[in-house]
Amino acid sequence: DARVTQTPRHKVTEMGQEVTMRCQPILGHNTVFWYRQTMMQGLELLAYFRNRAPLDDSGMPKDRFSAEMPDATLATLKIQPSEPRDSAVYFCASGLGQLYGYTFGSGTRLTVV
Amino acid sequence: LAKTTQPISMDSYEGQEVNITCSHNNIATNDYITWYQQFPSQGPRFIIQGYKTKVTNEVASLFIPADRKSSTLSLPRVSLSDTAVYYCLVGVINDYKLSFGAGTTVTVRA
C-alpha cells in the first residue's frame, strides 16, 4: 500500500530550538494537510496545500510556525523557536479530495523540554 | 461545516456489533458523511463515506436515514483490534478542508 512518510518519528528538543518536520505525500496526491494532536485539543488543522499552494494556514501560530511545499514530494513544517506548549503529535495527510478519503502518516511525536 | 455530535465513548465485547450514531441536524444538501478510525499511536484512517441510504465495505456499514440528520456506523462482530477512536465528519465533497471533532472512543473487551 502507498503510504505517507513522516520524519522524524520522534523528536525531543529544548525550548528555543528550531524544529523541522518532513512529510513525503503519496505520489500523485495534490492535497496535503498538517494536523497537530494533543489530549486536550484533539486533532487541530494547522495548514493545507493544494497543488503545492497554501490554501489555509489560519490554524497555525504565524509567529513561530511555517509550512511549505518546496516540491510535490516534500512538505515541511517548521517551528522556530519551539516552546513546551508545542509538544504534540504532528500528522501529515495527503489525498485527492474528500471523495476518496485522505491518507495520514504515522506522525512525528514532538517533545519540547 | 455541519456540526456533528457523537457519544464520547462506547464499550463492547468481542463478537458483538457496535453501532455509533452521529447527529448532524444542520447537514446541507451537498454534504457527505465520512468516518475515520484512529488506532493508538497512529494517524486517522478513512473507513467509509456516504450520502444517503446504506453503504457497506469490508470494514463497516454506514446507515443514513432519508432526512440525513443522523448517520450510524456499524462495526460487525468486533474484535480487540477494533479498539480505536471513530470520527464522524460532515462536509461538502469538494471542500478540501477536513475538520475533526472529539470522536467516539470504542473499547472492545475480551
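Quote the relative contact order of chain B in percent (integer), defining contacts as alpha-carbon pairs under 8 Å separated by 6+ residues.
Relative contact order, chain B: 37 percent.
Taking the Cβ-Cβ separation of residue A:62 and residue B:58 as r and a Förster radius of 41 Å, what is the calculated FRET efficiency to the nearest 0.05?
On the way: r = 43 Å, r/R0 = 1.04.
Once the sixth-power term is evaluated, E becomes 0.45.
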query: Distance in nm between label sites at residue A:14 and residue B:93, each 7 Å beyond Cα in the beta-carbon direction?
result: 5.4
- prompt: How about residue B:52: which lysines have a C-alpha closer than 25 Å to its C-alpha, ignoring those fewer than 8 places off in the same chain?
  reply: B:3, B:69, B:97
- prompt: When only C-alpha pairs under 8 Å and at least 6 residues apart count, what is the relative contact order of chain A, in percent?
  reply: 37
- request: With just the Cα atoms of the stretch B:1-57, tell me how far they stretch along each of the three principal axes, in Å, largest first.
  value: 37, 25, 24
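Which order do A:10, A:29, B:24 fall in if you start with the one that has the fewest other Cβ atoms within 10 Å?
Details: A:10 10, A:29 18, B:24 23.
Least crowded to most crowded, the residues run A:10, A:29, B:24.
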query: At a Förster radius of 25 Å, what calculated FRET efficiency corresponds to the Cβ-Cβ distance of residue A:83 and residue A:5, to the nearest 0.05?
result: 0.40
task: Starting from one equal scatterer on each C-alpha and no solvent at all, send me the Debye-based log10 I(q)/I(0) for chain A at q = 0.14, 0.22, 0.24 Å⁻¹, two decimals.
output: -0.50, -1.24, -1.45
query: So, counting K/R as plus one and D/E as minus one, what does the shell of residues with Cβ under 14 Å around residue A:82 add up to?
result: +1
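By counting other Cβ atoms within 10 Å of each Cβ, how are B:68, A:85 ranked from fewest to most?
Numbers: B:68 21, A:85 10.
The most exposed by this proxy come first: A:85, B:68.
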task: Please work out the Cα center distance from the stretch A:10-83 to the stretch B:74-110, rounded to the nearest Å.
output: 23
- prompt: So what are the ³J(HN,Hα) numbers for the stretch B:20-28, from phi and the Karplus equation (6.51, -1.76, 1.60; θ = phi - 60°), rounded to whole Hz, Gly and Pro as x?
  reply: 10, 9, 10, 9, 9, 4, 9, 5, 9
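Tell me the net charge near residue B:38. Cut-off is 15 Å between Cβ atoms, residue B:38 excluded, with +1 for each Lys or Arg and -1 for each Asp or Glu. Provide the component values of the computation, followed by the final result.
On the way: positive: A:36, A:109, B:45; negative: A:44, B:82.
Result for the local shell: +1.
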statement: What the Cα atoms of the protein assembly as shown span along the principal axes, largest first and in whole Å, is 50, 39, 32
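Please list the three semi-axes, largest first and in whole Å, of the ellipsoid equivalent to chain B, using sqrt of 5 times the eigenvalues of its alpha carbon gyration tensor.
23, 15, 12
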- prompt: How far apart, in nm, are the 7 Å Cα→Cβ label points at residue B:105 and residue A:41?
  reply: 2.0
message: With 10 angstrom as the radius, rank A:34, B:35 by how many other C-beta atoms surround their C-beta, starting from the fewest.
response: A:34, B:35
- prompt: Applying 1/(1 + (r/R0)^6) with R0 = 45 Å to the Cβ-Cβ distance of residue B:21 and residue A:76, what FRET efficiency is obtained, to the nearest 0.05?
  reply: 0.70
- request: Per residue of the stretch A:62-71, in order, report the coupling 6.51 cos²θ - 1.76 cosθ + 1.60 (Karplus, θ = phi - 60°) as ³J(HN,Hα) in whole Hz, putting x for Gly and Pro.
  value: 5, 6, 10, 9, 8, 10, 9, 10, x, 7
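Laboratory data are not the source of any read-out in this text; all were calculated from the coordinates shown. Quick caveat, the model's predicted, so the values are computed rather than measured. Counting neighbours? That spans all protein chains shown, and the Cβs are built from the backbone with ideal geometry, glycine included.
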